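S.K.: Quick one: structure below, then a few questions.
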Amino acid sequence: MASQNSVVFEDFFPAMVEKLGAEGFMKELCNGFRLLVDGDKGVITFESLKKNSALLGLQDMSDEEAICMLREGDLDGDGALNEMEFCTLMLRLSPELMNSSMKLLVEAI
């Protein structure tokens, strides 16, 4: 049993892929990106992540957690997440999906 202060992460992505298929799942990830994006810059910035995180139930995310999320997903080093970086980060957070990522790629193509 988890203590009151610990966060328990349950990976719903595999069930979503099963229900929506690879293409539908990727579409939903892209929708998630659009919820968090800075409309003027076209990427997820620290400011847009903090401003829009409540839309995904992440209103209690600390500044440090937001910065860590951006750093973890920022593959090109620009300090923000583009759509590909966001989707890649989300897939990386799902161990089960990472194990079957090649199958998902083939299905999506």
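The values are calculated or read from the model by the stated rules, or taken from the named source; none is laboratory data. These figures come from a predicted structure and were not determined experimentally. Here the Cβ positions follow ideal geometry from the backbone for every residue, glycine too, while neighbour counts run over all protein chains shown. To get the accessible areas, we keep the full protein, side chains included, count just its heavy atoms, and leave off ligands, DNA and RNA. Shrake-Rupley method; radii C 1.70, N 1.55, O 1.52, S 1.80 Å.
S.K.: So in region 27-71, with the set limited to residues that are among the acidic types (Asp, Glu) and part of a loop (DSSP other than H, G, I, E, B), which one is nearest to Leu89 (Cα to Cα)?
M.R.: Asp60
S.K.: Could you give every pair whose Cβ atoms fall below 7 Å, whose first residue belongs to region 62-88 and is open to solvent by less than 90 Å² (accessible area, probe 1.4 Å), and whose second residue is part of a helix (DSSP H, G or I) and among the acidic types (Asp, Glu), counting only separations of at least 6 or pairs across chains?
M.R.: Gly73/Glu85; Asp74/Glu85
S.K.: Shifting gears a bit: Collect the residues in region 11-25 that are under 14 Å from the mean Cα position of the chain (by Cα) and either at pLDDT 90 or above or open to solvent by 60 Å² or more (accessible area, probe 1.4 Å) (or both), keeping them in residue-number order.
M.R.: If the condition is that a residue be under 14 Å from the mean Cα position of the chain (by Cα) and either at pLDDT 90 or above or open to solvent by 60 Å² or more (accessible area, probe 1.4 Å) (or both), then Phe12, Met16 are the ones that fit.
S.K.: Ok, one more. Quick one: how many residues across region 51-61 are open to solvent by 80 Å² or more (accessible area, probe 1.4 Å) and closer than 20 Å to Asp40 by Cα?
M.R.: Total satisfying the criteria: 2.
S.K.: Since Ser94 meets every condition but one in (1) modelled with pLDDT of 85 or more; (2) surrounded by 15 or more Cβ atoms within 10 Å (Cβ to Cβ); (3) of a type outside the set (A, V, I, L, M), which condition does it not meet?
M.R.: Answer for Ser94: the failing condition is (1).
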